[in-house]
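Taking it in order: structure first as structure tokens, then the write-up.
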Amino acid sequence: MSAVAAATEVDEAAFRGQLVRPGSPDYDLHRQIWNGSFDKHPALIARCAGVSDVIAAVKLGRDSGLPVAVRSGGHSFPGLSVADDALVIDLGSMKGVRVDPEQRTARVQAGVLLGELDKETQAFGLAVPSGIVTHTGVAGLTLGGGIGWLMRKYGLSIDQLVSVDLVTAGGEFVKASADENADLFWGVRGGGGNFGIVTEFEFRCVPLGTQVLAGPLFWPMEQSGEVLRFYRDWIVEAPDELMTIIVHRKAPPLAFVPQELHGKPVVMVICCWAGDLEEGEKFIRPLREFGSPVADLCTPKPYLAHQSMFDPSFVPHRWYYFKSCDVAEMSDEIIDITMERSLQIKSPLTAFPIWQMGGAVSRVDDDASPFNGRTAGFTYNIGACTETSDGFDEEREWVRSFWSALEPWHEGVYVNFLGDEGDDRIRQSYGPKKYDRLQTLKRKYDPGNFFRINQNISPN
Ligand SMILES: Cc1cc2nc3c(=O)[nH]c(=O)nc-3n(C[C@H](O)[C@H](O)[C@H](O)COP(=O)(O)OP(=O)(O)OC[C@H]3O[C@@H](n4cnc5c(N)ncnc54)[C@H](O)[C@@H]3O)c2cc1C
């Protein structure tokens, strides 16, 4: 019997979730992922309802010989959560979250999205540091590290991770924490889905409260050089409470953006102050007073509102392309290149973030996890977006050329911002020492490279 035929022989009654095959009415719905530039046709999508389904799906992958892709939030930039003629093990329906407000912990199943987790933790004034778009999956984000608005104060998502439940390539259910399978626990804090399928995460929650001082200040993009020079000096003194992201783009026609700016090229410094609001106000004032911002939307607001601010800029199923690098500092040369290249943006949908790193992230022991960006100054995630394939090639070329122009200053790259860029870039993302350690772990937990549709650490 062929592999595909074997896959369709699954005992449906024994599977609690849903098995979706080509020809099923909702096949197209479930094979879609966030990045619309990928159009893959898997052989079977196993939409798991719980751990027993995940174990059954792994067994099915082994018995059928089908390549296996794993999907939680579906936000992989290079579309690694779905593949042609593969078995997709889809955890997107596993939505359980349990916050323990007394212990300040949260147990989170793999299908939970960032906005869903925030909603549960914020009911108690708590938070798990995560990312900046509500529809990203907790699973893939955490397995790569997890950078976001709270990281300078509270660290990465992995810095608050207590334990995981995981199904191995052999279909075995194991736990990993500092005390149990500690080697595996090290590996999952940045090593991606290479060692197994995480079915549940346990996090410490941080006492954020529900309000932050946050939002963007806008200047015309032609002033980006002056703004960034002021900015880089201003943030030298920034306490951990402040996290900033710089965005260059044509101002979107959104309700919160003044109408006269719509479509105009702007540079934004977006702030999030996670601490005493009056102190935040004092610290942010010099930025407000620099030059003449054309809009200032940085105000006290609910953390939940700030967390969804980027959602309209990263709409699912548009065409996206990213290329990323870390740099140590914002030198004059980097600032000049950034302004010059940003002024060449054509698409009204292209918006790329430059992340301020450091703070609490940099104070965690570098050997504590595979995440390799603890000493990064800034993370450039140069991204292009078009509504459809129209204009996509040109915008992608802009990304590549901008990224190449920064090459003399490249320091590393965050694994979750990698595209499909080959083994050398994956090695670069971890650095040689951590890569070797990950490879040793891969040989132990997945010697046959069963989990290979990912930012793959080859066992050989
Ligand atoms: C709009 C957008 C915003 C983003 N913002 C941020 C951000 O603020 N901070 C940040 O750090 N990153 C961010 N990212 C990057 C993001 O962290 C990665 O794309 C991440 O892999 C997404 O996880 P996912 O579960 O949604 O993706 P998926 O596509 O489902 O999975 C991504 C990868 O993880 C593997 N995987 C997924 N689930 C599991 C599991 N349960 N067990 C084992 N392996 C699994 C998959 O096989 C795949 O290789 C963003 C991405 C997008 C598209």
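Taken together, the values in this text are just the output of simple stated rules run on the coordinates, not laboratory data. This structure is a prediction, so every number in the text was calculated from the model and none was measured. Don't worry about glycine lacking a Cβ; one is built from the backbone with ideal geometry, like all the others, and counts go over all protein chains shown.
Overview of values
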quantity	calculated
Ranking of Arg104, Arg400 by count of other Cβ atoms within 10 Å, fewest first	Arg400, Arg104
Neighbour-count order for Thr105, Thr136, fewest beta carbons within 10 angstrom listed first	Thr105, Thr136
Ordering of 199-212, 289-302, 166-179, 373-386 by packing [mean C-beta count within 10 Å, highest first]	373-386, 199-212, 166-179, 289-302
Cross-link pairs Lys250/Lys346; Lys175/Lys444; Lys264/Lys346; Lys40/Lys346 - those with Cα-Cα distance over 20 Å	Lys40/Lys346
Protection proxy ranking, peptides 389-397, 247-255, average beta carbon neighbours within 10 Å, highest first	247-255, 389-397
Inter-centroid distance (Cα atoms) of region 126-152 relative to region 363-436, Å	17 Å
Charged-residue dipole, Cβ positions (Lys, Arg, Asp, Glu), the chain about Cα centre, Debye nearest 20	520 debye
Sequence of Val399, Val128, Val269 once ranked by neighbouring C-beta atoms within 10 Å, starting from the fewest	Val399, Val269, Val128
D_trans [Stokes-Einstein, Kirkwood Rh over alpha-carbon pairs] for region 71-219, 4 °C, 1.567 mPa s, µm² s⁻¹	82 µm²/s
Length gained when the stretch Ala368-Ser401 is fully extended (0.36 nm per residue, less Cα-Cα span)	8.4 nm
Packing rank of 277-283, 36-42, where each peptide gets the mean count of other beta carbons within 10 Å, highest leading	36-42, 277-283
Residues Asp26 and Glu102, FRET efficiency given R0 of 51 Å [Cβ-Cβ distance, rounded to 0.05]	0.80
Gained length - Thr299 relative to Asp276, 0.36 nm times residue gap less alpha-carbon distance	7.0 nm
Length released on extending from Phe256 to Ile337, taking residue separation times 0.36 nm less the Cα-Cα span	26.2 nm
Whole-angstrom Cα spans of the chain along principal axes, big to small	70, 51, 41
For region 1-143, alpha-carbon Rg and Dmax in angstrom	16.2, 55
